[in-house]
Amino acid sequence: MTHEELKDKAGALPLAPGVYLMMDKTGKVIYVGKAKKLKNRVSQYFQDSASHTAKTRQMVSQIDHFDTIFVSSEFEALVLENSLIKRHMPRYNILLKDDKGYPFVRLPKGPYPRFAMIHKWANDGAKYFGPFGGRFETRQALDAVLSALRLPTCNRSFPRDIGAERPCLNFHMGRCDGFCRKEMTAEEYDRRIHQACQMLEGKSRQLLREMTAEMEAEAEALHFEQAAALRDRINAIQALGKKQTVIAGLCADTDIWGLFRGSGKCCYAVLHMENGSLAGRETELFTAPIEDSETEILSALTAQYYLPRAILPHEILLPVDTGECESLSEVLTKRAGHKVWVHVPQRGEKAELRAMAQRNAAEEAERATTAQERVAHTLELLQKMLDLPAPPGRMESFDISNTGKSDIVASMVVYSGTRPLKSAYRRFRIKELEGHPDDYASMREVLRRRLQRAADGDEKFLPLPDLFLIDGGETHAQAARSVAEEFGVTVPIFGMVKDDRHRTRALVTPEGREIGIVTQQAVFSLIGQIQEETHRFAITYHHESHSRSVTRSALDDIPGVGPKRREALRKHFGTVKAIREADVEALAAVVPRTAAEAVWQHFHPAASDAKEP
């Protein structure tokens, strides 16, 4: 379909909730999205692309056709979207690990069933629990549940092997009650399996209440051995909630989310809380497009994380409002069979827990990110923000420094990637201005001299950079562009706009379009560092130039005192102040007497006039 045909089809959609699937020429689904009003949402893709992110523009360029599925409510769209993402794995959606990373626990029908860990759910009449975490954690959790309830984990088959041989070592170690013995009934085995199911469904509190009541009843009936066995199982079950494993996810009544977008890697952290105490932590690294906001990322993550799960907490705390908290709460409540409250805490202890989860996510992402990845991420982010053809490898920054009309100088600072290339720094003394300072004219002169040296083949000014950064606003950038156009140079040019605290808050094009950088910490830090380094280099050169100018003007134009005698005086006395305070005899010890008298008279004109008749 052509772009206009896609636009017309989108405009004909109803204002109803649903899910849309964008497909390329091969019919492959490249993006799945949901909307409260399909017409408005889908039409946005085929409107003016100027407001689109680079990711959206790229995706739209590959759309050949799209399909829609209408639903009756927003939360149904949420469920359907997640299901279709899992099925098609579209390249432009934020994706967690596929189902291979989330094992299920399966319990078949029939006598003496055994739990097994599998990768995929099937409609075979068996009972499924999960999905849970990784294979190791799930196996560890399942073993812990079986051990707490003293269920068999051996390879014996029941009822075939009941009474066939002596109980195995697990029975003698107290890890199994020996269901291979004839005195253990099938009813007791089924009761223990039911209790294990309760734990895997997150109903450990209910199970503990039932077992405690049973223990007290056995004790009242003077069945002390049975009461003691129940007590031991109760203690084992209570201990599970304190283990830092996937069991924490089963026992938790509150999940606290943290999300961090680092330099190269993103990470989410979920803290599982039970009765106000930290029971466990779950983290995962993932990739997300630079253009996607934190809200978009979190919305995709929470839906993919919770919708496939059979066990859900009572409360889920998020770091930011995704705009779908109410819909997600409704969906999860229906799935869990109890109220699930999804919200963003604003203050108090819950807000502190949210901050803790954020720190966990940040530490995990930073730990896994290399220095090279941070550099690549920062430059890629800068490329996207400035719409450059590639990440900038070499950047040059210019600044002007002066004191009134005198000693006007400029600096050129060069960055290779995110590091300063000091061997390529250059300094300029402004030559073309006479009698008045003019930053714009100074900038034109500096850039003209820099580009002319490159045009002449001067290796000290080659190669040309991928980006020019000008200390100043729109007019400074315009001045630089006018010179670049004279030389036929097409290097992108941006001005560095400062805030009240003299920090670069934005970049501006010669046309006046501002690009904020404050919200992107990596770029904000890099551009701020470049601006400060350029300013420092210019100020340092200006101070040196001004100091030489002051010294030179104090000894200039003295009759009989040339460069060699001035140098001799500076070397002997050290400062102009010492020369001024010296008498003729002291000066005559360094230069001829006539020159000494001329120097003394230059610094003491009033005394010289008083001596004349």
Fill in: region 426-512: C-alpha gyration tensor shape, a/c 1.5 cut-off, then a/b vs b/c
oblate
Worksheet item: What is the extension gain from D124 to R427, computed as 0.36 nm multiplied by their sequence separation minus the C-alpha to C-alpha distance, in nm to one decimal?
Response: 101.3 nm
Practice prompt. List the extent of the Cα atoms of region 355-448 along each of their three principal axes, largest first, rounded to whole Å.
Written response: 61, 31, 27
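Where Lys and Arg each count +1 and Asp and Glu each count -1, what net charge lies around Q531 among other residues with Cβ under 10 Å from its Cβ?
Net charge around Q531: -1.
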Fill in: For T490, solvent-accessible area (1.4 Å; no DNA, RNA or ligand), Å²
130
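When the helix-only estimate is applied to the chain (DSSP H runs of n ≥ 4, each -39,500 (n - 2.57), divided by the residue count), what is the mean residue ellipticity at 222 nm, nearest 500 deg cm²/dmol?
Helix contribution divided over all residues of the chain: -14500 deg cm²/dmol.
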Practice prompt. Can you tell me the relative contact order of region 319-389? Whole percent, Cα pairs under 8 Å, sequence separation 6 or more.
Written response: 23
Worksheet item: Which residues make up the longest stretch of the chain that has no GluC sites (Glu not before Pro) in a DSSP loop with at most 13 other Cβ atoms within 10 Å?
Response: 184-431
Response to the item:
Computed from the beta carbon distance with a Förster radius of 56 Å, FRET efficiency for Q58 and K109 to the nearest 0.05 stands at 0.65
Worksheet item: To the nearest 10 square angstrom, how much accessible area does M356 have with a 1.4 angstrom probe?
Response: 60
Discussion item. A 27 angstrom limit on the alpha carbon distance is what I want to check against. Which of K86/K265; K37/K265; K36/K350 exceed it?
Written reply: K37/K265; K36/K350
Practice prompt. Between beta-carbons, use under 14 Å as the cut-off and find the net charge around A390, counting Lys and Arg +1, Asp and Glu -1.
Written response: -1
Item to complete: Just check region 25-88 against the gyration tensor rule for me: Cα atoms, a ≥ b ≥ c as the square roots of the eigenvalues, rounded for a/c under 1.5, and otherwise prolate or oblate depending on whether a/b exceeds b/c.
Response: oblate
Worksheet item: Tilt of helix 348-368 relative to the longest C-alpha principal axis of the chain, in degrees (0 to 90, nearest 10)?
Response: 70
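With N denoting the number of residues in the chain, provide Rg(C-alpha) divided by 2.2 N^0.38 Å, to two decimal places.
1.51
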Practice prompt. For I515 paired with M173, estimate the spin-label separation in nm (one decimal), with each label point 7 Å from Cα along the Cα-to-Cβ line.
Written response: 6.2
Worksheet item: What angle, in degrees between 0 and 90 and rounded to the nearest 10, separates the Cα long axis of helix 521-555 from the longest principal axis of the Cα atoms of the chain?
Response: 20
Discussion item. Can you give me the angle between helix 294-306 and the longest principal axis of the chain, using Cα atoms only, in degrees from 0 to 90, rounded to the nearest 10?
Written reply: 20
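Taking a 1.4 Å probe, which of H52, H223 shows the most accessible area, and what order do the others take after it?
Putting H52, H223 in descending order of accessible area: H223, H52.
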Worksheet item: Where does the Debye-calculated log10 I(q)/I(0) of region 316-377 sit at q = 0.13, 0.21 Å⁻¹, using only Cα point scatterers of equal weight, no solvent?
Response: -0.53, -0.86
Discussion item. Over the Cα atoms, compute the radius of gyration (one decimal) and Dmax (the largest Cα-Cα distance, rounded to a whole number) for region 175-224, in Å.
Written reply: 12.6, 33
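The values are calculated or read from the model by the stated rules, or taken from the named source; none is laboratory data. If you're wondering where the values come from, they're calculated on a predicted model, not measured in any experiment. Note that we place each Cβ from the backbone using ideal geometry, even for glycine, and neighbour counts take in every protein chain shown. All accessible areas refer to the heavy atoms of the entire protein, side chains included, with ligands and DNA or RNA removed. Shrake-Rupley method; radii C 1.70, N 1.55, O 1.52, S 1.80 Å.
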